[in-house]
Amino acid sequence: MSRYPYVREVSPTTWYFRAPRYMRYMTREVTSIFIGIFTVIMLVGLSRLSEGQAPYEDFLAALNNPFSVIFLFLALAFALYNSFTWFNVAPKAMPIQVGEELMPDIVVAGGHYILWAILSVVILIWAGIF
Amino acid sequence: MMDVRVAERQTDLEILRYNPEIAGEPKLERYTVPTKTEWCVLDALNYLKDNVDPTLTYRWSCHMQVCGSCGMMINGEPKLACKAMLRDYPGVIRIEPLAHFPVERDLVAVADDFLAKLKRVKPYLIPLEKRLPEDGEYRQTPAQLKRYRQFAMCINCMLCYAACPEYGLHPKFIGPAAISLAHRYNRDSRDGGRDERQEEIATAEGVWECTFVGACSEVCPKHVDPAAALQQVKVASTVDWYLEHFMSWVQK
Amino acid sequence: MAKSNKPIIWGAFAAGGEAVSLVAPAIILLTLLAAIGRVPPGLSYEQMHSFAAGWFGKLVLFAIVFLSLWSQAHRLRITCFDFGLRADGLVATLFYMLAGAASLWLILILGNI
């Protein structure tokens, strides 16, 4: 019997418009652009720090402009989105079974949220925000 | 006066029709069928086939979410037609064959690719120790059963493949259900076939094509959570890799 | 088909994803405060320098920046593919080389503080 299957092509550039869940996924992936650039800013800051007080303070002063404020604000939003998506799916990669029972996802995800809160507070206290 | 508990309505269906005997692209056809609110989409298709157009082709068997045959795209979502209730679809219902698979005819997707991949991952018990009937059965505790039970619920309906964009973009990807089933046997205390399965699923075409979109788990009608299975396979394969390359004297 | 060597990168991606998810929002918030002219005491030259000069501070900074570099490089590679850039081998080589070069630079910087 001859068969003539019809193949529907998937667009490599626009496929993610097909469903909201794909858009959520792409948003998560795009966080890497912002966090990646921020990581480079951190590297530059550390480099200036190693050069001495004046270069480091120039670096801090250079941050003080509208473009970097907008960028850092977006980076913060994307970093928060990344954190939520990461913690929410963490239980999938590390299921915990105690005896016959699998721990509900909230245990592993909740543990991450608690650790996140503690570390964030520690960093902010260290930086003298409180 | 009688209470009408079973409301009737006219339901508009838009069905993608494809006839392989006639050259040309699949086309959406519009039908209106009298339905009852507690019907599922499969009931409406059956009514249509029995009363309006007997040439309409689709797969179904059990009508109770067990056989996994009636997967199709319903308003763009991969669904079992027997699990999609008409009351949840107020407007026109668009029905297409499962995404990412070639179309055989009308709503029938070509499953050959999935079946070949399923075979490759050896989704059956490869006993850790050979036992003869007189040695007794392979025993397992409830806790050992719990380690894999969720992944054993897969009915091979292929909805996860229709949801997985990475499968759509790289058709060679072994995909969610097959890797989840490999994982199901890998986690079985009676099984000793993990090394053989890793040769298939720890490859570039295997679990490493997965980018954890998570769509597979959202559409799975049996709550198998293939995305979880694949992440666990990634973690285990990563541990394997470090053991094989840096600590080859350690037994896996 | 041979088993993939992806685990080298994926291990760093997973560890980096975990680290970044836990600390990035707080660190970006501190930088944002500096950018609006309210430099937190922790980002002053004295406190940053004394932190980065100690072995504990070096270790923390190295772990965060190193893991973040590799994690974002890996995710950027996938993002390029997902947006339709099909030259995956080229993209992967480019991003991993950048992450490697940046990692070396990081070691040099921390060694100089």
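For residue C:94, the criteria (1) of a type in the set (A, V, I, L, M); (2) over 15 Å from the mean Cα position of the chain (by Cα); (3) crowded, with 20+ Cβ neighbours inside 10 Å hold in every case but one, which is (3). Mind checking which residues of the range C:79-91 are over 15 Å from residue A:14 (Cα atoms), free of Cβ contacts under 8 Å to residues at least 12 places away in the same chain and not in a loop (DSSP other than H, G, I, E, B)? Listed by number, the residues that qualify are C:88, C:89, C:90.
The numbered conditions (1) of a type in the set (A, V, I, L, M); (2) touching a His at 6+ places or on another chain (Cβ under 7 Å); (3) open to solvent by 20 Å² or more (accessible area, probe 1.4 Å) are all true for residue B:235 except (2). Filtering B:224, B:235, B:213 for residues that are of a type outside the set (S, T, N, Q) and in contact with a Cys (Cβ under 6 Å, 6 or more places away or on another chain) leaves a single hit, B:224. Does residue B:39 satisfy the criteria of being open to solvent by 80 Å² or more (accessible area, probe 1.4 Å) and of a type in the set (Phe, Trp, Tyr)? Here the answer is no, as residue B:39 does not meet what is asked.
Picking from residues in the range B:84-117 that are of a type in the set (Phe, Trp, Tyr) and within 16 Å of the chain's Cα centre (by Cα), the one that is nearest to residue A:11 (Cα to Cα) is B:101.
Taken over the range A:55-85, the criterion of being at the interface with chain C (Cβ under 8 Å from one of its Cβ atoms), within 30 Å of residue B:212 (Cβ to Cβ) and without any contact (Cβ under 8 Å) to a residue 12 or more places away in the chain is satisfied by A:73, A:76, A:80. Under the condition of being within 9 Å of chain B (Cβ to nearest Cβ) and surrounded by fewer than 13 Cβ atoms within 10 Å (Cβ to Cβ), the residues counted in the range A:99-120 number 3.
For beta carbons closer than 8 Å, sequence separation of 6+ or different chains, a first residue in the range C:65-77 that is under 18 Å from residue C:7 (Cβ atoms) and open to solvent by 20 Å² or more (accessible area, probe 1.4 Å) and a second that is at pLDDT below 95 and among the β-branched types (Val, Ile, Thr), the qualifying pairs are C:70/C:9. Has the range B:194-209 got at least one residue that is open to solvent by 20 Å² or more (accessible area, probe 1.4 Å), under 22 Å from residue B:79 (Cβ atoms) and either assigned by TED's automatic domain parsing to the domain that holds residue B:83 or in a loop (DSSP other than H, G, I, E, B) (or both)? No, because not a single residue in the range B:194-209 is open to solvent by 20 Å² or more (accessible area, probe 1.4 Å), under 22 Å from residue B:79 (Cβ atoms) and either assigned by TED's automatic domain parsing to the domain that holds residue B:83 or in a loop (DSSP other than H, G, I, E, B) (or both). Just one of the numbered conditions (1) at the interface with another protein chain (Cβ under 7 Å from one of its Cβ atoms); (2) in a helix (DSSP H, G or I); (3) of a type outside the set (Val, Ile, Thr) is not true of residue C:96: (1). For first residues located in the range A:36-48 and in contact (Cβ under 8 Å) with a residue 40 or more places away in the chain and assigned to a helix (DSSP H, G or I), partners that are buried (at least 20 other Cβ atoms within 10 Å of the Cβ) and not charged (D, E, K, R) and lie 6+ apart or on another chain with Cβ distances below 7 Å form the pairs A:38/A:75; A:38/C:28. Hey, does the range C:31-53 have a residue that's under 30 Å from residue B:203 (Cβ atoms) and open to solvent by less than 30 Å² (accessible area, probe 1.4 Å)? There is no residue in the range C:31-53 that is under 30 Å from residue B:203 (Cβ atoms) and open to solvent by less than 30 Å² (accessible area, probe 1.4 Å).
Looking at this structure, is residue B:29 open to solvent by 50 Å² or more (accessible area, probe 1.4 Å) and either of a type in the set (S, T, N, Q) or part of a loop (DSSP other than H, G, I, E, B) (or both)?
no
In this structure, residue B:100 qualifies as assigned to a loop (DSSP other than H, G, I, E, B), open to solvent by 30 Å² or more (accessible area, probe 1.4 Å) and touching a residue at least 24 places away in the same chain (Cβ under 8 Å).
Quick one: what pairs do we get from the range A:11-35, first residue open to solvent by 50 Å² or more (accessible area, probe 1.4 Å), second among the aliphatic types (A, V, I, L, M) and part of a helix (DSSP H, G or I), C-beta under 9 Å, 6+ apart or different chains? That search, which allows pairs on different chains as well, returns A:17/A:23; A:33/C:76.
If you go through the range A:6-35 and keep only what is under 20 Å from residue C:98 (Cβ atoms) and either of a type in the set (Ser, Thr, Tyr) or outside any helix (DSSP H, G or I) (or both), you end up with A:31, A:32.
Please go through the range C:54-64 and give me each residue that is in a helix (DSSP H, G or I) and either without any contact (Cβ under 8 Å) to a residue 12 or more places away in the chain or open to solvent by less than 30 Å² (accessible area, probe 1.4 Å) (or both), ordered by number. Scanning the range C:54-64 gives C:55, C:56, C:57, C:59, C:60, C:61.
Residues that are under 17 Å from residue A:38 (Cα atoms) and not small (Gly, Ala, Ser) within the range C:97-108 comprise C:98, C:105, C:106, listed in sequence order.
The values are calculated or read from the model by the stated rules, or taken from the named source; none is laboratory data. From a predicted model like this one, the values you see are computed outputs, not experimental measurements. Here the Cβ is made from the backbone with ideal geometry for all residues, glycine too, and neighbour counts use every protein chain on show. What goes into the accessible areas is simple: the full protein's heavy atoms, side chains included, and nothing from ligands, DNA or RNA. Shrake-Rupley method; radii C 1.70, N 1.55, O 1.52, S 1.80 Å.
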